[in-house]
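Input: a single structure, listed below in structure tokens.
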Amino acid sequence: MENRELIAKAKKAMENAYAPYSHFQVGAALLAKDGRVFTGCNVENATYGAAICAERTAVTKAVSEGAREFVKIAIVSSGGDLTPPCGICRQVLFEFMKEGQVVLWSEKEGEQVFPLLALLPLGFGSENIK
């Protein structure tokens, strides 16, 4: 799947974001190795710690449907700038797509692609558990 298609799916997912506190909507579209796409949006909560990011929503949906290997994820936001995944999301993505790509898009800057390992070079993986 081309990046522009994945970005379009992330934009559509962003429309469903529940962000009554920050008003910062985020959408993500995750491409599984088998070709399926799983989308997610951020879901805020009055107790901020209970909020979940768009990226983790997409991963959770994918895993709950049996997908375990991912190729890339596209992320968009209402903020106008590129929105890279937070640290927790980087770690969750590392669990399932160490060699994957993160596609960021904004109106101002267009599309930029990063290897996940560039965003989380020393991620904690199963090999660290002994």
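The values are calculated or read from the model by the stated rules, or taken from the named source; none is laboratory data. Keep in mind that this is a model prediction, so the values were computed, not measured. We place every Cβ from the backbone using ideal geometry, glycine too, and count neighbours over all the protein chains shown. To get the accessible areas, we keep the full protein, side chains included, count just its heavy atoms, and leave off ligands, DNA and RNA. Shrake-Rupley method; radii C 1.70, N 1.55, O 1.52, S 1.80 Å.
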> Are any residues in the stretch 1-32 touching a residue at least 40 places away in the same chain (Cβ under 8 Å) and surrounded by fewer than 13 Cβ atoms within 10 Å (Cβ to Cβ), and if so, which ones?
Replying inline: 4, 23
> Does residue 63 satisfy the condition of being without any contact (Cβ under 8 Å) to a residue 60 or more places away in the chain and either over 13 Å from the mean Cα position of the chain (by Cα) or closer than 21 Å to residue 120 by Cβ (or both)?
Replying inline: yes
> Within the bounds of the stretch 79-87, is there any residue that is of a type in the set (S, T, N, Q) and not in a strand (DSSP E or B)?
Replying inline: yes
>> Test of understanding: among 80, 35, which residue is farther than 15 Å from residue 9 by Cα, without any contact (Cβ under 8 Å) to a residue 40 or more places away in the chain and over 9 Å from the mean Cα position of the chain (by Cα)?
In response: 80
> When the stretch 67-76 is examined, which residues are found to be open to solvent by 20 Å² or more (accessible area, probe 1.4 Å) and either over 16 Å from residue 3 (Cα atoms) or in a loop (DSSP other than H, G, I, E, B) (or both)?
Replying inline: 68, 69
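Let's see how each residue does on (1) within 26 Å of residue 109 (Cβ to Cβ); (2) surrounded by 15 or more Cβ atoms within 10 Å (Cβ to Cβ); (3) at pLDDT below 95:
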{"site": "38", "(1), (2), (3)": "yes, yes, no"}
{"site": "48", "(1), (2), (3)": "no, no, yes"}
{"site": "55", "(1), (2), (3)": "yes, yes, no"}
{"site": "58", "(1), (2), (3)": "yes, yes, no"}
{"site": "62", "(1), (2), (3)": "no, yes, no"}
{"site": "65", "(1), (2), (3)": "no, no, no"}
{"site": "88", "(1), (2), (3)": "yes, no, no"}
{"site": "97", "(1), (2), (3)": "yes, yes, no"}
